[in-house]
1. Going residue by residue through region A:227-239, is there one that turns out to be surrounded by fewer than 24 Cβ atoms within 10 Å (Cβ to Cβ) and within 14 Å of chain B (Cβ to nearest Cβ)?
2. Of the residues A:GLY378, A:GLY396, which is more than 20 Å from A:GLY148 (Cα to Cα), within 14 Å of chain B (Cβ to nearest Cβ) and out of contact with any His (no Cβ under 6 Å at 6 or more places or on another chain)?
3. Criterion first (out of contact with any Leu (no Cβ under 8 Å at 6 or more places or on another chain), more than 17 Å from A:SER135 (Cβ to Cβ), part of a helix (DSSP H, G or I) and at pLDDT 85 or above) does A:GLU296 satisfy it?
4. Please list, ordered by first then second residue, the pairs with beta carbon atoms under 7 Å, 6 or more apart or interchain, first in region A:282-306 and without any contact (Cβ under 8 Å) to a residue 60 or more places away in the chain and closer than 15 Å to A:PHE269 by Cβ, second crowded, with 24+ Cβ neighbours inside 10 Å and not basic (Lys, Arg).
5. Of all residues in region B:147-186, count the ones that are under 19 Å from B:ASP104 (Cα atoms), among the charged types (D, E, K, R) and buried (at least 23 other Cβ atoms within 10 Å of the Cβ).
6. Would you mind stating whether B:GLU151 is under 23 Å from the mean Cα position of the chain (by Cα) and among the charged types (D, E, K, R)?
7. Please state which one of A:LEU130, A:LEU137 is modelled with pLDDT of 90 or more, in contact with an Asp or Glu (Cβ under 7 Å, 6 or more places away or on another chain), assigned by TED's automatic domain parsing to the domain that holds A:GLU217 and surrounded by 24 or more Cβ atoms within 10 Å (Cβ to Cβ).
8. Report yes if some residue within region A:275-284 is in contact with an Asp or Glu (Cβ under 7 Å, 6 or more places away or on another chain) and of a type in the set (A, V, I, L, M); otherwise report no.
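The values are calculated or read from the model by the stated rules, or taken from the named source; none is laboratory data. Please read all numbers here as calculations on a predicted model, not as lab measurements. Don't worry about glycine lacking a Cβ; one is built from the backbone with ideal geometry, like all the others, and counts go over all protein chains shown.
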Amino acid sequence: MQELDIAGMGSVRVTRKSDNVVVLEKDLMTEQMVLAMGPQHPSTHGVLKLECLTDGEVITEAVPFLGYLHRCFEKCCENVDYPGIVPYTDRLDYLAGMNNEFAYAIAVEKLLDIEIPRRVEFIRVMVAELNRIASHLVAIGTYGIDLGAFTPFLFCFRDREHILALLEWASGARMLYNYIWVGGLAYDIPSDFNKRVKEFVDYFRPKTVELYKLLTENEIFVKRTIGIGIMPADVAINYGWSGPMLRGSGVKWDLRRNDPYSIYPELDFEVPVPDGKDSEVGDCLSRHLVRVLEMEESLKIIEQCIDKMPGTEGFNPRSAVPKRVRPKAGEVYARAENPRGELGFYIQSDGKSTKPLRCKARSSCFVNLSAMKDLSKGQLLPDLVAIIGSIDIVLGEVDR
Amino acid sequence: MILTPLSHISMPLLMGNNLNAWSEALVGFNLFGLPLGLVILAAIPLVFIALYSLTYGVYGERKISAFMQDRLGPMEVGKWGILQTIADILKLLQKEDIVPTSADKFLFVVGPGILFVGSFLAYAVLPFSSAFIGASLNVGLFFAIGIVAIEVVGILAAGWGSNNKWSLYGAVRSVAQIVSYEIPAAIALLCGAMMAGTLDMQKITLLQSGSYGFAHFFLFQSPIAWLPFLIYFIASLAEVNRAPFDIPEAESELVAGYFTEYSGMKFAVIFLAEYGSMFMVSAIISIVFLGGWNSPLPNIGSFALNDWTNGPVWGVFWIIMKGFFFIFVQMWLRWTLPRLRVDQLMYLCWKVLTPFAFVSFVLTAIWVIFVP
């Protein structure tokens, strides 16, 4: 058939209605191109691969492909005893190691049902909030890079360096700390630690203003992010979003307030939610704004921790650390508010072994990323980059 | 003919018109029938361009960005890392010259060449001083505007020849961008040409000399000249693919745009062409609006600053300084602003810059006709 030969050229669309009737349709659409974005792409934040169907610069569909950084976290856990899992949790969301350890420690302590010293709780919250600021600085800085602004990134990393130095001073490592143990801490904080943290807080406050003026208020930045990748609150809840992503959609949901753990109920802080004045609720700019405002709240929490922290008299950071962790048979799910959302650990114990029968990590990045297909439909390629950046994924946690 | 010994020329004379005679003597210098003098004379700006591109362009960009970002920048090779660029070029020279198997070999190789030639051809009509201009065309400005468009061909050849989807995106974006932005840029330059009444770059510059220094520059000669000046500056940023209009090579979206597949010396050539273009547009804006090689200093009574700081050698100093100033502003913008989106870029060109360019064109025409 001659028409079918033409159809092979791609300019004509052929639909068979019945055996003899063939409908030919002049197709003015350009040919769709499959664009493999990643795993080696500068703005997929690691080894994420997005397979995009593109019509010119318009993305008709983007499907995330995962697993390039899969390290069998959950299987490893089944072969390591409970305290031994702590270093593995560092490597989930490697930008927020303290928060991961915190969530894991809460889960195991809930399973063991042990009380831990009050000073330990304060130190845990303080280092976790420091780590939250460090993590948000990376998120904000790399978001700047995604949109072409390089300088804010280096400003962010300059300030993050001070946090890493502090945490290194406390734990001995810059990113993978192994500091928060089941039932306590590896070490007490150094004697001048609180003074230095106070100095950092005083140093960092003006820097957030500088960052705000340089990036968040920038006309081009706002134009690139406002109204892009809007996620309505109900859809976000249905997807199971959490953390700054969910709050960006206007849902006031923060586990530190809604399912409080540790000493958070005693502390005074706000849960920032976009009001729709500076941004459209649920767009990329809202998510960015939530992160920017959260850093300020974390600073408040840190200051309160320094003020309220009990003294060192008779304090042993390992006093409640069990010699041998062998929980009763049962299961537990505990969760904590990580910089990227809800990190939960589901742990099952058979009551005989010192190793968990099952340890599942509920990753916030993985869940947040699952909405990629919805968010990317019909967006331009530069907007797709803006959306990925606003989701703020860490592939270590997505793939586990 | 033998060269006039330099010892005969005293310092004030060197800055006066005697350099002209000196260069004419050099042009006439033949050895075995070969016009060696001419070659030497033509080589001077080329050496400058190379030195500038290597040391100031790349090194300056790195140091300035480092200064803005609270870093040190290159510090290892030589004092303050001065030799870093030379080390980088040596490294690039040693690299294997890779042509991807599925690439269109001819286009892939020819693309960087066209880019390089296109960006450096415009240097021919730039008057570096009253005594030196590569080719004194009577349509110099027109030539400069036209020759920049050749770069588009090089970018398209590089992008298409690479057979890479990112390169193709970069090339298509780049062509759309450069062709669009040529319109406001050319109209803005036309305003300057109208005020001068000529397209000859040397004459445009000469018309801006006078004892009041900067007051004679076209930018300060009419109350609306700042508008075409601003329009040309913004459009020139887009023409040389600098931030915030660097979408053809947007590294966070298109990896490296049209030169994703390039490495080694071909990459270096593209890189040099970019820095060459940066100086070229900066020189054009200084010539048309800021008096080119004229000293900006005015004569104040008997304190004849303008007379003292004018002359062929001073001219080279002034135009290079003015060019460097605009390059600095380009770098400043690059390290401050995020990138625009493709449609926002086109919006800015067609709905903002082009209408305003027409407005400034009409106003300048009225000014030129009715105000003597």
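1. So far as region A:227-239 goes, yes, one or more of its residues are surrounded by fewer than 24 Cβ atoms within 10 Å (Cβ to Cβ) and within 14 Å of chain B (Cβ to nearest Cβ).
2. Of the residues listed, the single one that is more than 20 Å from A:GLY148 (Cα to Cα), within 14 Å of chain B (Cβ to nearest Cβ) and out of contact with any His (no Cβ under 6 Å at 6 or more places or on another chain) is A:GLY378.
3. Here the answer is no, as A:GLU296 does not meet what is asked.
4. Between residues of region A:282-306 that are without any contact (Cβ under 8 Å) to a residue 60 or more places away in the chain and closer than 15 Å to A:PHE269 by Cβ and residues that are crowded, with 24+ Cβ neighbours inside 10 Å and not basic (Lys, Arg), the close pairs are A:VAL290/A:PRO244; A:VAL290/A:GLY248.
5. 1
6. yes
7. Among A:LEU130, A:LEU137, only A:LEU137 is modelled with pLDDT of 90 or more, in contact with an Asp or Glu (Cβ under 7 Å, 6 or more places away or on another chain), assigned by TED's automatic domain parsing to the domain that holds A:GLU217 and surrounded by 24 or more Cβ atoms within 10 Å (Cβ to Cβ).
8. no
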